[in-house]
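Engineer: My questions all concern the structure below.
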Amino acid sequence: MGKTVIIDYGSGNLHSAHKAFERAAAEAKLKEQIIVSAKPEVVAEADRIVLPGVGAFKDCRGGLMALDGMEEAMRAAVISKGRPFLGICVGMQLMATRGLEHETTKGLGWIAGDVKPIAPKDPALKIPHMGWNTITPTGQHALLDGIKTGDTGLNAYFVHSYHVECTLPEDVVATADYGGPVTAMIAYENMVGTQFHPEKSQALGLALIANFLRWKP
Amino acid sequence: MLKMRVIPCLDVKDGRVVKGVNFIDLRDAGDPVEAAKAYDKAGADELCFLDITATHENRGTMFDVVRRTAEACFMPLTVGGGVRAIDDIRNLLLSGADKVAINSAAVSRRAFVKEAAEKFGSQCIVVSIDGKETAPGKFEVFTHGGRKETGIDAVEFAREVTALGAGEIMLTSMDRDGTGKGFNLALTRAVADAVSIPVIASGGVGTLDHLVEGIKEGHATAVLAASIFHFGTFTIAQAKAHMAKAGIPMRMAT
């Protein structure tokens, strides 16, 4: 049985993420153990790692750094051992080089890019980008297998004012249209991030989580 | 394209739905979790719980309701009612709420909105404004369920809480609430056009055309209703189909 750990660093709706992962695993008949932990040694040993996150980039970065040894454990598991990693919302943004929310904060630097304010072309569009939107893949990714995307596809739940602007366009896997393209999903090798909340996205979310639990990058 | 949202709102008192939810065969029409599950299945875009528990001692029951809802429904949940302190917000978020609505506490102490947004992020701070049209084109903030006037201009107040970090405004037309006559569209539009954040229109929905008006004429990006859904007058699907037919982008199937 595999072990998926959701990192508890004081940010995010861990309870619902935990339950959504359990539900997705059960529905897909995957014998995966889902645990929530703040312990670096648990993360270092995990088969899959999930980094959730809501709030401001700097606060989340600070929360992660406050856990002694956590970043090293994440690097050991994700970078050295190549374990599948999923960042959600600010957890995805933390994968970037820098966050430019309020002030410049260094990210994990796993995917080259900056976290910048979204700037819809239509000034009447509200910020945050809040609610259900479809996503359009810009390439192929295992996490989107079997999920109906595009204008007539399933919707994902977004709530954010910033997004990742990737240095390399090929790191962007999917975008959402909100007065222009908004980065919805990024990936590099065994790492993937979603700006939307799969744990709040009903059918699309549960399917994507199941794909993550099956993913063998 | 971003979809406009339909949000059913449940009044919860001491852990029970006030008046019950009668649109579907529920084993227990008074259980908020059962109602939440039914709305989740029916395709609601978000869910809102308003805790009207009178006593502080009974507030804990809401955390349990929220926790059980978050375990069963994978959709966004906003909880409001009696939110006065940072700890209230923390407890609701830890129980599984995605957003917390602040009402009178934002009126009595503006700095609370700023503290809350800084602590938990703007994305989860909804400021709930009860507005009334006191003279043509003049909109005022009321508290205590619309009974107490504050002398505060609703549009100005909306601008202020936006600047303080609110991520969304839930605007209730208090002069329409419970009447079934539709939103106060002048109020809704005045607030929605004044702020950069999303506005949820609430109060007074009696027909499906009212939902359309809230978006098209009120410029809201979400509509909230209670009785038309709870009493089974209309289903969520009917509401969405009607809005889509009027040219509003809606999320039709999950």
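Engineer: What's the ranking of A:156-162, B:224-230 by average number of surrounding C-beta atoms within 10 Å, highest first? Spell out each step's value before the answer.
Structural biologist: Numbers: A:156-162: 24.6, B:224-230: 22.9.
Top of the packing list down: A:156-162, B:224-230.
Engineer: For the stretch B:1-88, build the charge dipole from Cβ charges (+1 Lys, Arg; -1 Asp, Glu) around the Cα centre, then report which of B:Gly43, B:Pro32, B:Thr69 sits farthest towards its positive end.
Structural biologist: After comparing all options, I get B:Gly43.
Engineer: While we're on this one: Show me, bin by bin at 5 Å from 0, the whole-percent P(r) of the stretch B:132-173 based on Cα pairs.
Structural biologist: Per 5 Å bin, starting at zero, the Cα-Cα P(r) for the stretch B:132-173 comes out as 6, 21, 30, 26, 14, 3 percent.
Engineer: Let me ask another. For A:Gly53, what is the net charge nearby, where nearby means another residue's Cβ is under 13 Å from its Cβ and Lys, Arg count +1, Asp, Glu -1?
Structural biologist: -2
Engineer: How big is the C-alpha Rg of the stretch A:8-61 next to the rule-of-thumb value 2.2 N^0.38 Å, as a ratio?
Structural biologist: For the stretch A:8-61, the normalised Cα radius of gyration comes out at 1.23.
Engineer: I would also like to ask the following. Can you give the mean number of other chain Cβ atoms that lie within 10 Å of the Cβ atoms in peptide B:229-237?
Structural biologist: 0
Engineer: Which residue, chosen from B:Ala154, B:Val205, B:Thr188, occupies the Cα position most advanced towards the positive end of the dipole of the stretch B:143-254, where the dipole is computed from +1 (Lys, Arg) and -1 (Asp, Glu) charges on Cβ about the Cα centre?
Structural biologist: Of B:Ala154, B:Val205, B:Thr188, it is B:Val205.
Engineer: Tell me, rounded to the nearest percent, the portion of alpha carbon pairs in the stretch B:15-87 spaced more than 15 Å apart.
Structural biologist: The share of Cα pairs beyond 15 Å in the stretch B:15-87 comes to 54 percent.
Engineer: Still on this structure, I have one more. Which three lengths, in whole Å and largest first, does the stretch B:137-254 cover when its Cα atoms are put on their principal axes?
Structural biologist: On the principal axes, the stretch B:137-254 reaches 40, 28, 24 Å in Cα extent.
Engineer: Let me ask you something else. GNM on chain A, C-alpha springs below 10 Å: top fluctuator among A:Val90, A:Val43, A:Val54?
Structural biologist: Maximum fluctuation in the GNM of chain A, among the listed residues, is at A:Val54.
Engineer: In whole angstrom, note down how far apart the Cα centers of the stretch A:160-217 and the stretch B:161-209 are.
Structural biologist: Cα centroid of the stretch A:160-217 versus Cα centroid of the stretch B:161-209: 32 Å apart.
Engineer: For the protein assembly as shown, what is the largest minus smallest coordinate of the Cα atoms on each principal axis, given in angstrom and ordered from greatest to least?
Structural biologist: In descending order, the Cα extents are 66, 48, 47 Å.
Engineer: I've got another one for you. So what are the radius of gyration and Dmax for the Cα set of the stretch B:10-51, in Å?
Structural biologist: Computed over the Cα atoms of the stretch B:10-51, radius of gyration and Dmax are 9.5, 27 Å.
Engineer: From the phi angles alone, apply the Karplus equation (6.51, -1.76, 1.60; θ = phi - 60°) to the stretch A:175-188 and give each ³J(HN,Hα) in whole Hz, x where the residue is Gly or Pro.
Structural biologist: 10, 10, 9, 9, x, x, x, 10, 5, 9, 7, 10, 7, 8
Engineer: Moving to a separate point now. At a 4.7 angstrom Cβ threshold, list every cysteine in the protein assembly as shown that has nobody to pair with, or say none.
Structural biologist: By the Cβ distance rule, which asks for a partner under 4.7 Å, the isolated cysteines are A:Cys60, A:Cys89, A:Cys166, B:Cys73, B:Cys124.
Engineer: List, in order, the whole-Hz ³J(HN,Hα) value for each residue of the stretch B:142-151 obtained from phi through the Karplus relation with A = 6.51, B = -1.76, C = 1.60 and θ = phi - 60°; use x for Gly and Pro.
Structural biologist: For the stretch B:142-151, the Karplus-derived couplings read 10, 10, 6, x, x, 8, 10, 7, 10, x Hz, x marking Gly and Pro.
Engineer: With every protein chain left in place and a probe of 1.4 Å, what is the accessible surface of B:Phe120, to the nearest 10 Å²?
Structural biologist: Rounded to the nearest 10, that gives 30 Å².
Engineer: Using a/c under 1.5 as the rounded threshold, could you call the stretch A:91-167 rounded, prolate or oblate? The axes a ≥ b ≥ c are square roots of the C-alpha gyration tensor eigenvalues, and prolate needs a/b larger than b/c, oblate otherwise.
Structural biologist: oblate
Engineer: Which of the pairs A:Lys58/A:Lys106; B:Lys37/B:Lys181; A:Lys19/A:Lys200; A:Lys200/B:Lys13; A:Lys106/A:Lys216; B:Lys3/B:Lys216 have their Cα atoms more than 18 Å apart in this structure?
Structural biologist: Where the Cα-Cα span goes over 18 Å, the pairs concerned are B:Lys37/B:Lys181; A:Lys200/B:Lys13; A:Lys106/A:Lys216.
Engineer: Oh, and also: What helices does chain B hold that run 18 Å or longer along their axis, going by alpha-carbon atoms, with a Kyte-Doolittle average of -0.5 or more, using DSSP H for the helix calls?
Structural biologist: B:60-72
Engineer: Size of chain A along its principal axes in angstrom, Cα-based, largest extent first?
Structural biologist: For chain A, the Cα extents along the three principal axes come out at 47, 39, 29 Å.
Engineer: Here is a follow-up. Using Cα pairs under 8 angstrom and six or more residues apart, how large is the relative contact order of the stretch B:1-146, in percent?
Structural biologist: Averaging sequence separation for qualifying contacts and normalising by length gives 17 percent for the stretch B:1-146.
Engineer: log₁₀ I(q)/I(0) of the stretch A:1-123 at q = 0.09 Å⁻¹, via Debye over equal Cα point scatterers, no solvent, to two decimals?
Structural biologist: -0.26
Engineer: Something else about it: Report the relative contact order of chain B, percent, no decimals, based on alpha-carbon pairs under 8 angstrom and at least 6 residues apart.
Structural biologist: Working: 551 pairs, mean separation 47.6, N = 254.
Dividing the mean separation by the residue count of chain B yields 19 percent.
Engineer: A further question on this structure: Please state the charge dipole magnitude for chain B, taken about the Cα centre, from unit charges on C-beta atoms (+1 on K and R, -1 on D and E), reported in debye and rounded to the nearest 20.
Structural biologist: Once rounded to the nearest 20, the dipole reads 240 debye.
Engineer: Moving on to the next point. Under the classification rounded if a/c is under 1.5, otherwise prolate if a/b is larger than b/c and oblate if not, where does the stretch A:164-216 fall, given a ≥ b ≥ c as square roots of the Cα gyration tensor eigenvalues?
Structural biologist: It comes out oblate by the Cα gyration axes.
Engineer: Please state the shape class of the stretch A:106-217: rounded when a/c is under 1.5, otherwise prolate if a/b exceeds b/c and oblate if not, all from the C-alpha gyration tensor.
Structural biologist: Details: a/c = 1.78, a/b = 1.16, b/c = 1.53.
It is oblate, given that a/c is not under 1.5 and a/b is not larger than b/c.
Engineer: Please report the orientation-averaged projected area of the stretch B:47-143, defined via the convex hull of its C-alpha atoms, in nm².
Structural biologist: Average projection, Cα convex hull of the stretch B:47-143: 6.9 nm².
Engineer: Specify the inter-centroid distance of the stretch B:82-151 and the stretch A:70-115, based on alpha-carbon positions, in whole Å.
Structural biologist: 34 Å
Engineer: Roll a 1.4 angstrom probe over the protein heavy atoms and tell me the percent of accessible area of the protein assembly as shown that is carbon or sulfur.
Structural biologist: Percent of accessible area from carbon and sulfur atoms in the protein assembly as shown: 51.
Engineer: Another question, if that's okay. List, in order, the whole-Hz ³J(HN,Hα) value for each residue of the stretch A:142-159 obtained from phi through the Karplus relation with A = 6.51, B = -1.76, C = 1.60 and θ = phi - 60°; use x for Gly and Pro.
Structural biologist: 4, 5, 9, 4, x, 9, 6, 10, x, 3, 9, x, 6, 9, 10, 8, 10, 7
Engineer: Something else now. With all distinct Cα pairs included, what does the Kirkwood hydrodynamic radius of chain B come out to in Å, to one decimal, could you say?
Structural biologist: One over the average 1/r among Cα pairs gives 18.0 Å for chain B.
Engineer: Right, another one. Okay, helix-only estimate at 222 nm for chain B: each DSSP H run of n ≥ 4 adds -39500 (n - 2.57), divide by all residues, round to 500 deg cm²/dmol; what do you get?
Structural biologist: -10500 deg cm²/dmol
The values are calculated or read from the model by the stated rules, or taken from the named source; none is laboratory data. These figures come from a predicted structure and were not determined experimentally. Cβ atoms come from the backbone with ideal geometry, glycine included; neighbour counts cover every protein chain shown. Surface accessibility is based on the protein's heavy atoms, side chains included, excluding ligands, DNA and RNA. Shrake-Rupley method; radii C 1.70, N 1.55, O 1.52, S 1.80 Å.
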